[in-house]
Amino acid sequence: VASFKNRDVLSILDLSRKDIECIFATADKLEYLVTKRKRNTILKDKILGSLFFQSSTRTRLSFESAMQRLGGTVIGWAEAKQSRAGDSYQETLADTARVVQSYADVIAMRHPNNGAPEEFAKWAEIPVINGGDGTNEHPTQALLDLYTIKKDKGRIDGLKVLMIGDMVTERVLHSLPYALAKFEDTSVYSLAPKGLRMPKEYRDEFRKLNLHYEEVESMEDVIKDVDVIYSCTVVHNRHDITKEPYRVTLKKLKSARSDVIVLNPLPRLDELAEDVDDTPYQRYFHQPLNGVIIRMALFALVLGAKV
Ligand code: CP
């Protein structure tokens with residue numbers, strides 16, 4: 001725990017396997033607060049600065065719920081345009097960071113620009129947690145996804161994951177392979193329309209991390225072999241793309257392993273049929289609950305609280 005105190009969580013690449021296991025072990029200890037709808041007081045003196053420059057339902061509310069479950073309080077704005085960094089002043093992140101650190105003890109930030117939380121963290125002396133930056137990364141989403149998978153499968157090592165969606169702009173599809181690469185013998189199969197496949201910079205990084213990463217041409221190619229299907233939206237404003245090959249339906253899941261699980265970070269559009277909702281495959285309504293648990297664990301660790 002000592003090694004976590006005051007750390008930023010900006011990219012999954014900054015976390016070792018041991019770090020991820022420590023986050024999961026801390027999350028296990030705090031889970032009862034969410035499942036029993038309780039609060040404790042381990043962060044009663046702490047304030048979260050909830051700095052969301054982009055819209056969010058899950059990430060923002062779960063960070064805020066996590067802080068409140070641990071006895072802390074939350075400050076932030078309703079909309080970024082009500083802040084000076086989001087209005088016509090366009091106050092810099094450097095100035096905003098040097099100001100807001102006097103008001104809060106930890107920051108959760110979402111921003112449309114790649115690297116914005118990193119820039120903020122350069123100037124703030126308090127821990128900064130990335131809640132999604134541009135098209136770059138969404139590290140806490142990947143952590144809660146892995147935690148959801150681990151709870152179900154009992155392990156991460158050796159798992160095969162099929163990721164479906166827009167590999168260019170869907171930031172969690174960059175963080176999730178980074179996270180899986182920290183474990184032994186994991187494989188990622190990637191299905192995306194031409195033009196939305198994984199950018200080279202990420203593929204190069206996966207290679208450096210020795211991740212088994214493979215692009216597939218259709219769901220049928222691998223659906224029989226995978227343990228996890230990770231479904232994401234294929235951009236909805238592109239009418240030139242046929243979406244059906246990327247759509248997860250109950251009918252298609254009949255060819256999958258009987259114990260396959262389906263995750264989706266949500267919100268969903270038409271990439272995930274509602275006929276999967278009430279089936280044993282569905283884990284996408286487990287992910288939001290795990291999101292609060294993981295974010296409680298991160299706050300406890302970076303703020304050095306005894307759990
Ligand atoms: N999964 C996720 O990041 O959802 P929000 O955009 O609602 O935070």
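FRET efficiency for Asp157 and Lys251, Cβ-Cβ distance as r, R0 = 30 Å, nearest 0.05?
Efficiency for this residue pair is about 0.45.
How much FRET efficiency would the formula 1/(1 + (r/R0)^6) give for Arg37 and Lys5, where r is the Cβ-Cβ distance and R0 is 25 Å, rounded to 0.05?
Between Arg37 and Lys5 the formula returns 0.30.
Which one, Asn113, Asn237, Asn290, has the greatest fluctuation when you compute a Gaussian network model over the chain with C-alpha springs under 10 angstrom?
With Cα springs under 10 Å in the chain, the top fluctuation among Asn113, Asn237, Asn290 is at Asn237.
Give, as ranges by residue number, the residues of region 171-210 whose backbone N falls under 17 Å from the point 7 Å along Cα→Cβ of Lys18.
Hits in region 171-210 for Lys18 at 17 Å: 182-184.
Quick check: net charge around His174, other residues with Cβ under 10 Å of its Cβ, Lys/Arg +1 and Asp/Glu -1?
Spelling it out: positives minus negatives among the neighbours equals -3.
Between Arg238, Arg247, Arg268, find the one with the highest GNM mean-square fluctuation for the chain; connect C-alpha pairs within less than 10 Å.
Arg238
Between Asp221 and Asp87, what is the label-to-label distance in nm when each label sits 7 Å out along the Cα-to-Cβ direction?
5.1 nm
Using amide H atoms built in the peptide plane, which far-off residues or other-chain residues are under 5 Å from Asp277 H to H?
Hits under the 5 Å cutoff: none.
Name the long-range amide H neighbours of Ile129: under 5 Å, sequence gap of 5 or more, or other chain; modelled H, no Pro or chain starts.
Amide H neighbours of Ile129: Val9, Ile107, Ala108, Met109.
Ordering Tyr32, Tyr178 by accessible area with a probe of 1.4 Å, largest first, what comes out?
If we order Tyr32, Tyr178 from most to least accessible, we get Tyr32, Tyr178.
Just need log10 I(q)/I(0) for the chain at q = 0.15, 0.16 Å⁻¹, Debye formula, equal scatterers on the alpha-carbon atoms, no solvent, rounded to two decimals.
After summing over all Cα pairs, the log10 values are -1.20, -1.34.
Taking K and R as +1 and D and E as -1, what net charge do the other residues with C-beta under 10 Å from the C-beta of Met296 add up to?
+2
Using a 10 Å cut-off on Cβ atoms, rank the peptides 53-64, 129-140 from the highest mean neighbour count down.
129-140, 53-64
Report the FRET efficiency, 1/(1 + (r/R0)^6), for Glu125 and Arg207, where r is their Cβ-Cβ distance and R0 is 25 Å, rounded to 0.05.
Computed FRET efficiency for Glu125 and Arg207: 0.10.
Quick one: with all protein chains in place, what share of the accessible area of the chain is carbon or sulfur, to the nearest percent (1.4 Å probe)?
47 percent
How much mean residue ellipticity at 222 nm does the chain get from its helices, if each DSSP H run of length 4 or more adds -39500 (n - 2.57) and you divide by all residues, to the nearest 500 deg cm²/dmol?
The per-residue figure over the chain is -10000 deg cm²/dmol.
Between Lys151, Lys224, Lys254, where does the largest GNM mean-square fluctuation fall for the chain, given springs only between Cα atoms within less than 10 Å?
Lys254
Counting other Cβ atoms within 10 Å, which GluC sites (Glu not before Pro) in region 213-249 have at most 13 and lie in a DSSP loop?
For GluC sites (Glu not before Pro) across region 213-249 that sit outside H, G, I, E and B with at most 13 neighbouring Cβ atoms in 10 Å, the list reads Glu217.
The values are calculated or read from the model by the stated rules, or taken from the named source; none is laboratory data. Since we're looking at a predicted model, the values are computed, not measured. As a convention, Cβ positions derive from the backbone with ideal geometry for all residues, glycine included, and neighbour counts pool all protein chains shown. Keep in mind that these areas ignore ligands, DNA and RNA; they rest on the heavy atoms of the full protein, side chains included. Shrake-Rupley method; radii C 1.70, N 1.55, O 1.52, S 1.80 Å.
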